[in-house]
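This report concerns only the one structure given below.
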Amino acid sequence: MNNDYDINLVEKYFEQELTETETMEFNIRMETDHAFKALVDQEKVIIKGIHLDGLHRDLLYLQSLEKTLKQKPPGEDRYSKKIGYYAAAAVVTILSVIGIWTYTSSNSSEELFLTYYDKPYPNIFETTTRGSAPVPSSLRTDAFKAYDRKDFNEAARLFTELQKTEKDPGMLMLLGNSNLMIGQIEEAKLNFTTLLNDFDDLDLPAKWYLSLCYLKSGDVENARKMLKELGETEVSYATKAKELLKEVD
Amino acid sequence: MRCYGLPLYAFIIKRNIMTQDEIITKIKNGGQAELGVVYETYREEFLHWIMKEYKCSTDDSQDIYQLTILVFYDNIKNGKLEHLVSSVKTYLFGVGKNLVMEWRRKSGRSTPLDQERWLNDYAMEESDNAPTEQMVHAARNALSKLGEPCRQLIEMFYYGKKSMEEITEELHYKNAETAKNQKCKCMKRLRKLYEEEKTRTLIETPYEQ
């Protein structure tokens, strides 16, 4: 059985955090202590497994991305009116850093979407903040955690699965946002419409995001209708809606 | 010039608004979203080039491009690629060319590219004291049994090369110390699971050892 000191030494070696003295000790023990060397070799295998697993996961992601790109009509890759499903996430960071928006001045629905969809709806429904104690895993907690860590592909998958057994407005809101983030606009529209039709909660944000879905898919007419409704309210979305409506018009 | 379709980030890369080093930093600090942006940015040009230059089929070209992007991404994450003397595009074309040559040399022109196999070989080649494929397979099995949030944390740290501060923020831990303690606990569990997997593998395939 390896002791904590050895484990710590090995972990520090792989994290490149060994001090000079520790490096000397490490090298000597690698030459003389077979059990210690076996521990190092085992750690190497495990890290290799983690690396390979990560590569496979990213390969799957690229394969699924390729499928969505293939669905676009020819010639749309570069100048299509649809954005990739990570656009919104990238825009948040880039806009704040570079202020690039002044670079483009078009009022196309696509660009309006990019301007106004600054971030997905926050998860205010289920906290996933962790202390030191492990959090028990369940489909529900995994879905919220995936959303919190911005893994929207995974969140959409898990929330869709959850919807089969339990319907709740918060989950629908996050599912709609996940779908919007990954470019599944029709699904997102359906989520927000269901939220509006079946529940009394979250009507205003649902209308706001639904109007953005319409904008993203180029359906300016429906976006205008939805924004007008929102603009007539006296709550937080009204100002944004009026502003956007002006631009759509 | 207006940006009509590509995500804005891709547009910025294309128009050289970001320097090559800034692109690398962005990818290094990012995740799958950034990977996807780079993928889409150079996809059309790369596929067109590789199909024309090496007479690859559409499917093979896409497979090669996906592996090329992964190599690029992996090299950035591992700190092997910190500065580019040329452009990202030139770098990707270089990786792609080597990949095609290597694949054709090993498998011949008529054999389709096996991405899974290629990725395994790529990952295994990096070690001096190479562990067997079976051992790494056992490690992957152990990882799959680890559960969340451990798997995510471990992968962010060892594969994504995220700092404890970044992990704390992304996975909502109280602070970096808590995240580090959690990582140690997760690794302890993973080592135990690996031991079990290894034993199971030994029992199931005794003659291959």
*List every residue pair whose Cβ atoms sit under 6 Å apart, with the two residues 6 or more apart in sequence or on different chains, where the first one lies in region B:178-200 and is touching a residue at least 12 places away in the same chain (Cβ under 8 Å) and the second, anywhere, is crowded, with 20+ Cβ neighbours inside 10 Å and among the small types (Gly, Ala, Ser).*
B:190/B:142; B:193/B:142; B:194/B:139; B:194/B:142; B:197/B:138; B:197/B:142; B:198/B:138
*Is at least one residue of region B:166-174 touching a Gly at 6+ places or on another chain (Cβ under 9 Å), surrounded by fewer than 18 Cβ atoms within 10 Å (Cβ to Cβ) and facing chain A (nearest Cβ under 7 Å)?*
yes
*Among (1) modelled with pLDDT of 90 or more; (2) touching a helix residue (DSSP H, G or I) at 6+ places or on another chain (Cβ under 6 Å), where does residue A:45 come up short?*
(1)
_Hits in region A:170-215 - residues which are in a loop (DSSP other than H, G, I, E, B) and in contact with a Pro (Cβ under 7 Å, 6 or more places away or on another chain)_ = A:199, A:201, A:202
*Which residue pairs have Cβ atoms closer than 8 Å, lie 6 or more positions apart in sequence or on different chains, and pair a first residue in region B:61-78 that is at negative phi with a second residue that is among the acidic types (Asp, Glu) and assigned to a helix (DSSP H, G or I)?*
B:62/A:66; B:66/A:66; B:70/A:58; B:73/A:58
*Mind counting the residues in region B:70-111 that are part of a loop (DSSP other than H, G, I, E, B) and more than 14 Å from every other protein chain (Cβ to nearest Cβ)?*
11
*Which residue pairs have Cβ atoms under 7 Å apart, sit 6 or more places apart or on different chains, and have a first residue in region B:81-93 that is within 12 Å of residue B:71 (Cα to Cα) and a second that is part of a loop (DSSP other than H, G, I, E, B)?*
B:91/B:84
*Working carefully through the options A:81, A:167, find the one that is part of a loop (DSSP other than H, G, I, E, B), more than 16 Å from the chain's Cα centre (by Cα) and at pLDDT below 50.*
A:81
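Could you say whether any residue in region B:59-82 is exposed (fewer than 15 other Cβ atoms within 10 Å of the Cβ) and hydroxyl-bearing (Ser, Thr, Tyr)? Explain how you work it out, then say what you get.
Taking region B:59-82 and keeping what is exposed (fewer than 15 other Cβ atoms within 10 Å of the Cβ), we get B:59, B:78-80, B:82.
Checking the rest, the ones that are also hydroxyl-bearing (Ser, Thr, Tyr) come to none.
Within region B:59-82, none of the residues are exposed (fewer than 15 other Cβ atoms within 10 Å of the Cβ) and hydroxyl-bearing (Ser, Thr, Tyr).
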*Does any residue of region A:130-138 turn out to be at pLDDT 80 or above and surrounded by fewer than 17 Cβ atoms within 10 Å (Cβ to Cβ)?*
yes
*If you go through region B:23-42 one residue at a time, do you hit one that is modelled with pLDDT of 75 or more, more than 17 Å from residue B:71 (Cβ to Cβ), within 10 Å of chain A (Cβ to nearest Cβ) and surrounded by fewer than 18 Cβ atoms within 10 Å (Cβ to Cβ)?*
yes
*asked:* Let me spell it out: the conditions are (1) surrounded by 20 or more Cβ atoms within 10 Å (Cβ to Cβ); (2) more than 9 Å from every other protein chain (Cβ to nearest Cβ); (3) closer than 16 Å to residue A:59 by Cβ, and residue B:114 meets all of them except one. Which number is the exception?
replied: (1)
*Please work out which residue is modelled with the lowest pLDDT, limiting yourself to region B:130-159 and to residues that are part of a loop (DSSP other than H, G, I, E, B) and within 7 Å of chain A (Cβ to nearest Cβ).*
B:131
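Here is a yes/no grid of residues against (1) within 16 Å of the chain's Cα centre (by Cα); (2) more than 23 Å from residue A:52 (Cβ to Cβ); (3) modelled with pLDDT of 85 or more:
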{"position": "B:67", "(1), (2), (3)": "yes, no, yes"}
{"position": "B:76", "(1), (2), (3)": "yes, no, yes"}
{"position": "B:90", "(1), (2), (3)": "no, yes, yes"}
{"position": "B:95", "(1), (2), (3)": "yes, no, yes"}
{"position": "B:101", "(1), (2), (3)": "no, yes, yes"}
{"position": "B:104", "(1), (2), (3)": "no, yes, no"}
{"position": "B:110", "(1), (2), (3)": "no, yes, no"}
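Got a sec? Which of A:115, A:141, A:93 is within 12 Å of chain B (Cβ to nearest Cβ), assigned to a helix (DSSP H, G or I), modelled with pLDDT of 65 or more and surrounded by fewer than 19 Cβ atoms within 10 Å (Cβ to Cβ)? Give the derivation first.
Details: A:115 fails: modelled with pLDDT of 65 or more; A:93 fails: modelled with pLDDT of 65 or more.
Going through A:115, A:141, A:93 in turn, just one is within 12 Å of chain B (Cβ to nearest Cβ), assigned to a helix (DSSP H, G or I), modelled with pLDDT of 65 or more and surrounded by fewer than 19 Cβ atoms within 10 Å (Cβ to Cβ): A:141.
The values are calculated or read from the model by the stated rules, or taken from the named source; none is laboratory data. Worth saying up front: this structure is predicted, and the values here are computed from it rather than measured. Because the Cβ atoms are built from the backbone with ideal geometry, glycine has one as well, and the counts that use them run over all protein chains shown.
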